[in-house]
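What follows is one structure encoded as structure tokens, with my remarks underneath.
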């Protein structure tokens with residue numbers, strides 16, 4: 001069977017594109033002809049990802065379209081004669097961006113309209129979380145299901161050592177890590193508020209580390225930095241790294257005492273699984289898809305009470321028994337995202353596309 005996947009942009013390190021390439025590789029091991037096509041492709045991925053302009057992009061028996069942003073792919077996908085599988089990775093609601101970036105606000109609105117336009121024009125609509133599947137239903141999609149992101153945790157667990165960075169990060173401070181872009185829905189300002197509460201009531205030996213782009217929304221980033229100054233906290237206790245390579249990323253996970261998510265909108269949240277792979281206890285605000293992704297692992301809390309959150313954070317740092325129990329449960333949960341499950345889900349997916357579709361067992 002020919003199984004194509006479409007992504008608007010192929011960037012190394014992007015969770016959606018990395019997942020699609022992993023799914024492609026698994027499909028090939030199952031005996032299918034599988035390729036990934038993109039409108040824009042990073043230079044280091046050329047030859048691995050094919051241009052969408054190639055006629056072969058439209059020749060799949062099954063085409064999986066990964067949707068996260070408005071693009072010309074949407075109309076082309078709707079026009080395919082059949083075999084259309086939408087995988088919805090969510091669109092962050094526009095209201096998060098309204099105070100900070102008018103263009104991103106506009107793109108978010110357009111993206112919501114764009115994905116809604118596919119209702120009635122696909123054979124199957126999948127979310128990568130139950131939260132996303134429910135959104136698909138709310139938008140009018142009928143045949144829905146869940147297909148998880150295929151995450152490759154070896155970039156964390158098998159990374160090359162970074163001795164100098166390890167020494168820098170293991171200096172006696174407790175490291176609280178966040179990985180992702182600095183964006184309003186991530187509520188980075190709440191990390192700063194939590195830090196102010198934590199140092200007041202729990203401990204002075206803290207450092208908050210933010211790994212990810214800071215230049216996507218300058219007005220928001222400047223607001224976060226201004227809040228640090230307003231609280232009169234030492235700026236060196238807040239490390240904003242910008243983008244890093246996989247080996248540096250793994251070093252930040254190794255040095256983390258707790259992975260912290262205070263986000264108020266997530267469609268899946270891959271760093272939660274990366275933290276689990278690195279045996280870092282996860283503490284997260286129970287919002288949107290975060291409980292789905294954790295699946296009973298980590299430590300969830302709500303409402304967003306900073307005094308309670310600071311005490312909980314301290315427990316995860318100092319209570320060795322709690323840390324061990326949290327890490328053990330996270331290791332179990334991580335097994336749900338291994339290749340064996342993805343392979344089973346792919347077999348089921350291809351089988352549901354019609355009795356004429358061949359599965360691995362018949363090849």
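Quickly run through the stretch 134-147 and pick out the residues that are closer than 18 Å to residue 294 by Cα, in contact with a helix residue (DSSP H, G or I) (Cβ under 9 Å, 6 or more places away or on another chain) and surrounded by fewer than 21 Cβ atoms within 10 Å (Cβ to Cβ).
Hit for the stretch 134-147 is 146, nothing else.
Considering the stretch 77-104, the residues that are free of Cβ contacts under 8 Å to residues at least 24 places away in the same chain and more than 19 Å from residue 267 (Cα to Cα) include one that is surrounded by the fewest Cβ atoms within 10 Å (Cβ to Cβ), namely 81.
Residues that are assigned to a helix (DSSP H, G or I) and more than 22 Å from residue 121 (Cβ to Cβ) within the stretch 28-62 comprise 28, 29, 43, 44, 45, listed in sequence order. Would a scan of the stretch 238-251 turn up a residue that is in contact (Cβ under 8 Å) with a residue 12 or more places away in the chain and either under 20 Å from residue 201 (Cα atoms) or not assigned by TED's automatic domain parsing to the domain that holds residue 181 (or both)? The answer is yes, given that some residue of the stretch 238-251 is in contact (Cβ under 8 Å) with a residue 12 or more places away in the chain and either under 20 Å from residue 201 (Cα atoms) or not assigned by TED's automatic domain parsing to the domain that holds residue 181 (or both).
All conditions but one from (1) assigned to a loop (DSSP other than H, G, I, E, B); (2) closer than 24 Å to residue 272 by Cβ apply to residue 155; the one that does not is (1).
Note on the stretch 10-40: among residues that are over 24 Å from residue 351 (Cβ atoms) and touching a helix residue (DSSP H, G or I) at 6+ places or on another chain (Cβ under 7 Å), the one that is modelled with the highest pLDDT is 39.
Residues that are in a loop (DSSP other than H, G, I, E, B), out of contact with any helix residue (DSSP H, G or I) (no Cβ under 7 Å at 6 or more places or on another chain) and farther than 26 Å from residue 294 by Cα within the stretch 102-133 comprise 119, 120, 122, 123, listed in sequence order. Restricting the stretch 334-363 to residues that are at pLDDT below 85 and in a helix (DSSP H, G or I) leaves a set whose member that is farthest from residue 128 (Cα to Cα) is 362.
Considering only residues in the stretch 134-152 that are in a helix (DSSP H, G or I) and free of Cβ contacts under 8 Å to residues at least 24 places away in the same chain, the one that is farthest from residue 340 (Cα to Cα) turns out to be 138.
Quick one: which residue in 175, 170 is within 27 Å of residue 288 (Cα to Cα) and in the same structural domain as residue 309 (by TED's automatic domain parsing)?
The unique qualifying residue is 175.
Just one of 171, 203, 166 is out of contact with any strand residue (DSSP E or B) (no Cβ under 8 Å at 6 or more places or on another chain), in a loop (DSSP other than H, G, I, E, B) and more than 24 Å from residue 14 (Cβ to Cβ); which is it? Within the list 171, 203, 166, the selection yields 171. Going by what's in this entry, would residue 122 be described as more than 19 Å from the chain's Cα centre (by Cα) and either surrounded by 19 or more Cβ atoms within 10 Å (Cβ to Cβ) or under 26 Å from residue 336 (Cβ atoms) (or both)? Yes; evaluated as a whole, the condition is true for this residue. For the stretch 9-18, check the following and say yes or no: at least one residue is under 16 Å from residue 80 (Cβ atoms) and surrounded by fewer than 23 Cβ atoms within 10 Å (Cβ to Cβ). No: zero hits. Among the residues of the stretch 293-321, how many are closer than 12 Å to residue 283 by Cβ, out of contact with any strand residue (DSSP E or B) (no Cβ under 7 Å at 6 or more places or on another chain) and in contact (Cβ under 8 Å) with a residue 40 or more places away in the chain? Total satisfying the criteria: 3. Taking residue 65 as the residue in question, decide whether it is part of a loop (DSSP other than H, G, I, E, B) and either at pLDDT 95 or above or under 22 Å from the mean Cα position of the chain (by Cα) (or both). In short, no.
The values are calculated or read from the model by the stated rules, or taken from the named source; none is laboratory data. Treat the numbers as computed from the prediction; the structure is a model and nothing was measured. Heads up, the Cβs are rebuilt from the backbone with ideal geometry, glycines too, and the neighbour counts pull from every protein chain shown.
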